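One structure is given here, and the rest of the page talks about it.
The values are calculated or read from the model by the stated rules, or taken from the named source; none is laboratory data. From a predicted model like this one, the values you see are computed outputs, not experimental measurements. For neighbour counting, all protein chains shown are included, and Cβ atoms are generated from backbone atoms with ideal geometry for every residue, glycine included. For accessibility, only protein heavy atoms count, side chains too; no ligands or nucleic acids. Shrake-Rupley method; radii C 1.70, N 1.55, O 1.52, S 1.80 Å.
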Amino acid sequence: MNTRERLLAHIETHDGPAGFSEEAFAELGRLVDELKLQSPVPNPMDALQHIEGRWETLFAHFGARHSAGKPKVHDSTLKVHSFNAFPASPVRIERICQEIARAGSRYDNLTDFSTPCGARGCIVVHGRYSDEATNRQRFLVEFYRVELRPTPPSDAAQLRAALGLEADQPLAIDLPPPRLHSDVVYLDDRIRINVGSFGGLYVLARLG
């Protein structure tokens, strides 16, 4: 079993209700450190055709220690996943994806969620990327807008009610773009590993 297969097996083994233990999280870090030395695409900013597309998050650690061991499906709040643009309404995170496109330098995060009463929606955090001349692994990212989209069978009114929002609450809010970066430390035809500005760690699998 090569390092990539060991990493994917490790994530699958520990992606359960209990999440990652301290030991399992540390081992994940060791596997990432080993794998990033083997990246088939060492300078992704110069090979954007390998980055473009839709990716599903297999593991996400947003930098805060409390998020380090969470499984893919977990309980959270709307506030946490919307850059504080929306209130701390309880939600169940069911899937996190990312879409990157060279057209418009698009770098969007999409988070599917459900509410305790069963309403469903998607948090879309719209972003755009630029490059850094001296680091060809680095994507400089500005997230400039966050949007709540109802997903079937829910509609906008049901989603607002389920999240405790006013009936006329806009479902899209502009953000003061935070200056962030994300380094693609490993990239092949199947998976991508990013390390974020605040120490976050993300393992993603290409879709379609």
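Per-atom-type breakdown for the stretch 1-71 gives carbon and sulfur 52% of the accessible area (1.4 Å probe, protein chains only).
For the stretch 1-124, the dipole from Cβ point charges (+1 on Lys and Arg, -1 on Asp and Glu) about the Cα centre works out to 340 debye, to the nearest 20. Accessible area per residue was computed with a 1.4 Å probe on protein heavy atoms; residue 11 scores about 10 Å².
Under unit Cβ charges (Lys, Arg +1; Asp, Glu -1), what dipole magnitude, rounded to 20 debye, does the chain have relative to its Cα centre?
Numbers: 24 positive and 27 negative charges, 24 e Å.
Using only the charged Cβ atoms, the result is roughly 120 debye.
If the reach is capped at under 30 angstrom between alpha carbons, list the lysines near residue 36, excluding any in the same chain fewer than eight residues apart. In chain and number order, the partners are 70, 72. With protein chains left intact and a 1.4 Å probe, residues in the chain average 49 Å² of accessible area per residue. Within the chain, the proportion of C-alpha pairs whose separation exceeds 31 Å stands at 20%. Full extension of the chain segment joining residue 117 with residue 46 gains 21.0 nm, where the gain is 0.36 nm per residue of separation less the Cα-Cα distance.
Using DSSP to define loop residues, name the GluC sites (Glu not before Pro) in the stretch 127-208 whose beta-carbon has at most 10 other beta-carbon atoms within 10 Å.
Numbers: sites: 132, 142, 147, 166; in loops: 166.
Within the stretch 127-208, the qualifying GluC sites (Glu not before Pro) (loop, at most 10 other Cβ atoms within 10 Å) are 166.
Calculate I(q)/I(0) for the stretch 114-171 by the Debye formula, one identical point scatterer on each C-alpha and no solvent, and give its log10 at q = 0.22, 0.26, 0.30 Å⁻¹ to two decimals. Normalising to I(0) and taking log10 leaves -0.81, -1.00, -1.17.
Placing unit charges on the Cβ atoms of the charged side chains and taking the dipole of the chain about its Cα centre, the candidate lying farthest along the positive direction among 93, 71, 107 is 107. In summary, the stretch 44-150 shows an alpha-carbon radius of gyration equal to 1.14 times the 2.2 N^0.38 Å reference for compact globular proteins. Taking all protein chains together and rolling a 1.4 Å probe, residue 186 ends up with roughly 10 Å² accessible. Here the spin labels are modelled as points 7 Å beyond Cα on the Cα-Cβ line, and at residue 75 and residue 13 they lie 2.8 nm apart. Full extension of the chain between residue 103 and residue 132 gives 8.6 nm of extra length, using 0.36 nm per residue less the Cα-Cα distance. Add +1 for every Lys or Arg and -1 for every Asp or Glu among the other residues with Cβ under 12 Å from the Cβ of residue 120, and state the total. Overall, the nearby charge balance is 0.
Return the carbon/sulfur percentage of the accessible area of the stretch 110-208, one whole number, probe 1.4 Å, all protein chains in place. Don't skip to the end; give the middle numbers.
Numbers: 2400 of 4650 Å².
For the stretch 110-208, the apolar C and S fraction of the accessible surface comes to 52 percent.
So how tilted is helix 22-35 from the main axis of the chain? Cα-based, degrees 0 to 90, rounded to 10. Computed tilt is about 50 degrees. With a simple spin-label model that places each label point 7 Å from the Cα along the Cα-to-Cβ direction, the separation between residue 56 and residue 27 comes to 2.4 nm.
Measuring only protein heavy atoms, the 1.4 Å probe finds residue 33 accessible over about 80 Å².
A Förster distance of 45 Å, applied to the separation of the beta-carbon atoms of residue 155 and residue 38, puts the FRET efficiency at 0.45.
Only one residue of 133, 45, 170 has its Cα farthest out toward the positive end of the dipole of the chain, where Lys and Arg carry +1 and Asp and Glu -1 on Cβ, and that residue is 170.
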